[in-house]
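The values are calculated or read from the model by the stated rules, or taken from the named source; none is laboratory data. Bear in mind the structure is a predicted one, so any value in this text is a computation, not a measurement. Every residue, glycine as well, gets a Cβ built from its backbone with ideal geometry; the counts of neighbours run over all protein chains shown. Note: areas computed on protein heavy atoms with side chains; ligands, DNA, RNA excluded. Shrake-Rupley method; radii C 1.70, N 1.55, O 1.52, S 1.80 Å.
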Amino acid sequence: MRIEDSGEHTKKAEGGVVGAIREGVLYVWNDATLRIVFPITLGLNILINGPFAVGIPVLARTRFPEGAAAFGLILSLFGGGALLGTTLAGVLPKPSKKLLGTVALSVISMMGVGLAVIGVSRTMYVAAAAGLLMGIANGYANILLITWLQQKVVPEMIGRVMSLVMFAAIGLNPVSTALAGAVIGLNVAALLVCAGILMTLFTLLAAFS
C-alpha cells in the first residue's frame, strides 16, 4: 500500500502501541461529543448485541412454533436489512454535517425499538419484521457514524479513534453475550424489552442533547 505525501500527517506516539492507545483515549476524553458517542457504542454492544444473539434462539425454541425456521428467518431478514441499510446510506441524500450525528443516533434508537418489539411479539412474522427494521437501522447508522467520525477527527488520530470504536462495538461482545445468557433465564421477554427501551432512551437523549 502506497501513501503519497504522508510524512507531514504522520505522528508516531511515544511508547509504541501503548502510547498510541493512550493518545487515542485522551483525544476522545477531551472531546465532549466523542465522550457521548463512545458510551453509546458500548451501550449498543451491551444492550443490543448480546440480548439479540441470545434471545432470538431462545424465542425460536420456546415461543415460536416454527422453531428453527423462525430463527433462520429473523436472522436472514436482519442480515438483508443491514445490506439494504448500507445501500440506502450510499444512495440517499446525506444529512448536513451539523445534523449527521443527530440523524445517526436517531436511527440507532430504532434498533432498541425493534428489540423491544421482538421481546413482546407472539408470531414469527412480527419478530422477523422487527429484525428487518433493526438490520436497516444498523447498516444505515454504521455508514453515517463512520462518515461523521472521519469528518470530525483530525487525520493523524483517525486510526487510533477508529480502533477504539471497533473495540467498543465488537470487543465486548463476549461480555454482552455472557450477561444476556445469565439474565435470560429469568424472563426472556423482560430482558429484550428492557434492553431495547434503555437503548432507545439513551440514544434519543444523546441525539437531541
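The set of residues in region 82-110 being over 14 Å from the mean Cα position of the chain (by Cα) and either more than 20 Å from GLN151 (Cβ to Cβ) or among the aromatic types (Phe, Trp, Tyr) (or both) consists of LEU83, LEU84, THR87. Within region 134-151, restricting attention to residues that are in contact (Cβ under 8 Å) with a residue 40 or more places away in the chain and surrounded by fewer than 17 Cβ atoms within 10 Å (Cβ to Cβ), the residue that is farthest from ARG63 (Cα to Cα) is GLN151.
Taking the stated definitions as given, is GLU23 outside any helix (DSSP H, G or I), more than 17 Å from the chain's Cα centre (by Cα) and of a type in the set (Asp, Glu)? So GLU23 does not fit the description; no. Is it true that THR86 is open to solvent by 30 Å² or more (accessible area, probe 1.4 Å), among the polar types (S, T, N, Q) and on the phi < 0 side of the Ramachandran plot? The answer is yes for THR86.
Matching residues to (1) within 29 Å of GLU23 (Cα to Cα); (2) outside any helix (DSSP H, G or I); (3) aliphatic (A, V, I, L, M):
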residue	(1), (2), (3)
GLY90	no, no, no
THR102	yes, no, no
ILE108	yes, no, yes
VAL126	no, no, yes
LEU133	no, no, yes
TYR140	no, no, no
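Taken as a whole, region 99-107 holds at least one residue that is surrounded by fewer than 22 Cβ atoms within 10 Å (Cβ to Cβ) and under 22 Å from LEU192 (Cβ atoms). Would a scan of region 55-63 turn up a residue that is open to solvent by 60 Å² or more (accessible area, probe 1.4 Å) and outside any helix (DSSP H, G or I)? So far as region 55-63 goes, no, none of its residues is open to solvent by 60 Å² or more (accessible area, probe 1.4 Å) and outside any helix (DSSP H, G or I). Of GLY196, GLY135, all but one fail to be among the small types (Gly, Ala, Ser) and closer than 16 Å to LEU75 by Cβ; the exception is GLY135. Only residues that are among the polar types (S, T, N, Q) and either surrounded by 11 or more Cβ atoms within 10 Å (Cβ to Cβ) or modelled with pLDDT under 80 (or both) were counted in region 1-32, giving 2. Considering region 184-209, and only residues there that are small (Gly, Ala, Ser) and modelled with pLDDT of 85 or more, the residue that is most open to solvent (accessible area, probe 1.4 Å) turns out to be ALA190. Is it the case that some residue within region 115-133 is on the phi < 0 side of the Ramachandran plot, polar (S, T, N, Q), open to solvent by 20 Å² or more (accessible area, probe 1.4 Å) and in contact with a Gly (Cβ under 7 Å, 6 or more places away or on another chain)? The answer is no; no qualifying residue exists.
Annotation: of all residues in region 152-183 being open to solvent by less than 30 Å² (accessible area, probe 1.4 Å) and assigned to a helix (DSSP H, G or I), the one that is farthest from PRO51 (Cα to Cα) is MET157.
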